[in-house]
Amino acid sequence: EADIYQTPRYLVIGTGKKITLECSQTMGHDKMYWYQQDPGMELHLIHYSYGVNSTEKGDLSSESTVSRIRTEHFPLTLESARPSHTSQYLCASSEYLGGLATGELFFGEGSRLTVL
Amino acid sequence: AQSVTQLDSQVPVFEEAPVELRCNYSSSVSVYLFWYVQYPNQGLQLLLKYLSGSTLVKGINGFEAEFNKSQTSFHLRKPSVHISDTAEYFCAVSDYNNDMRFGAGTRLTVKP
């Protein structure tokens, strides 16, 4: 079973609030990802990281930001939440050994955000 | 860039019947192919993957998939489904850099 954890699992918040979604993994994986998932739609990559101090934007433009200060921790922050940010956010990690990917992503259980 | 098309958004099937979930991909480079399953209120977990070698890949829970390079397909099959197989199934393609692209998902509903 994968050791990647997301908190909170569910969050209902008002417009304009700052929120941080936490993601931690205990597998020592270098590469981490944030995906946004809406019903009936493909998963969209919004951020990823190759390792400490590395952050990259994904395919889907997002107003969120991420940081990677420690290998195991990859939080996502929204400075001012809006109803359009309502979605499920999935964190994932993968091994990335010397430039060779091993092919499997390990996912957390997701954080479902509702902005009123 | 890679892309994935899952041809069926919903597949209803009776228990113990066979099922096939269809997936086509496009890519200009060699790819890795995956099927993930998502149970309600959970994250995705890997069912099976094709990296190289035999084109018939067996995964967990009795699922298998066949890589067909000429048809750019990677269809998922199970000969006899159970109620517990009810879930969302995602096909995905990635390159050697783990830049993974997912399909829109197929909701498999197994009825008694």
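Some notes on this structure:
- Any hit, segment B:74-85, residues being at the interface with chain A (Cβ under 10 Å from one of its Cβ atoms) and closer than 23 Å to B:Thr55 by Cβ: no
- Boolean, B:Thr5 is open to solvent by less than 70 Å² (accessible area, probe 1.4 Å) and within 15 Å of the chain's Cα centre (by Cα): no
- Extreme residue, farthest from A:Thr86 (Cα to Cα), among residues of segment A:1-47 that are among the charged types (D, E, K, R) and open to solvent by 60 Å² or more (accessible area, probe 1.4 Å): A:Glu1
- Tally of residues being of a type in the set (Lys, Arg) and under 23 Å from A:Leu45 (Cα atoms) across segment B:65-108: 2
- Flag if B:Glu16 is of a type outside the set (S, T, N, Q), open to solvent by 50 Å² or more (accessible area, probe 1.4 Å) and either part of a loop (DSSP other than H, G, I, E, B) or touching a helix residue (DSSP H, G or I) at 6+ places or on another chain (Cβ under 7 Å) (or both): yes
- Check on A:Gly28, more than 13 Å from every other protein chain (Cβ to nearest Cβ) and among the small types (Gly, Ala, Ser): yes
- The sole residue among B:Ala92, B:Ala104 that is in a loop (DSSP other than H, G, I, E, B), among the aliphatic types (A, V, I, L, M) and within 14 Å of chain A (Cβ to nearest Cβ) is B:Ala104.
- Contacts under 9 angstrom Cβ, first residue in segment B:46-60 being among the small types (Gly, Ala, Ser), partner open to solvent by 70 Å² or more (accessible area, probe 1.4 Å), 6 or more apart: B:Ser52/B:Ser30
- Residue match in segment B:76-85 (condition: of a type in the set (S, T, N, Q), within 30 Å of A:Pro8 (Cβ to Cβ) and under 14 Å from the mean Cα position of the chain (by Cα)): no
- For segment B:1-21, a residue qualifies if it is within 10 Å of chain A (Cβ to nearest Cβ) and aliphatic (A, V, I, L, M), and the qualifying residues are B:Ala1, B:Val4.
- Boolean, B:Asn24 is part of a strand (DSSP E or B), polar (S, T, N, Q) and either touching a residue at least 40 places away in the same chain (Cβ under 8 Å) or within 13 Å of chain A (Cβ to nearest Cβ) (or both): yes
The values are calculated or read from the model by the stated rules, or taken from the named source; none is laboratory data. Remember, it's a predicted structure, so these values are computed and weren't measured experimentally. Glycine gets a Cβ as well: all are built from the backbone with ideal geometry, and neighbour counts include every protein chain shown. Keep in mind that these areas ignore ligands, DNA and RNA; they rest on the heavy atoms of the full protein, side chains included. Shrake-Rupley method; radii C 1.70, N 1.55, O 1.52, S 1.80 Å.
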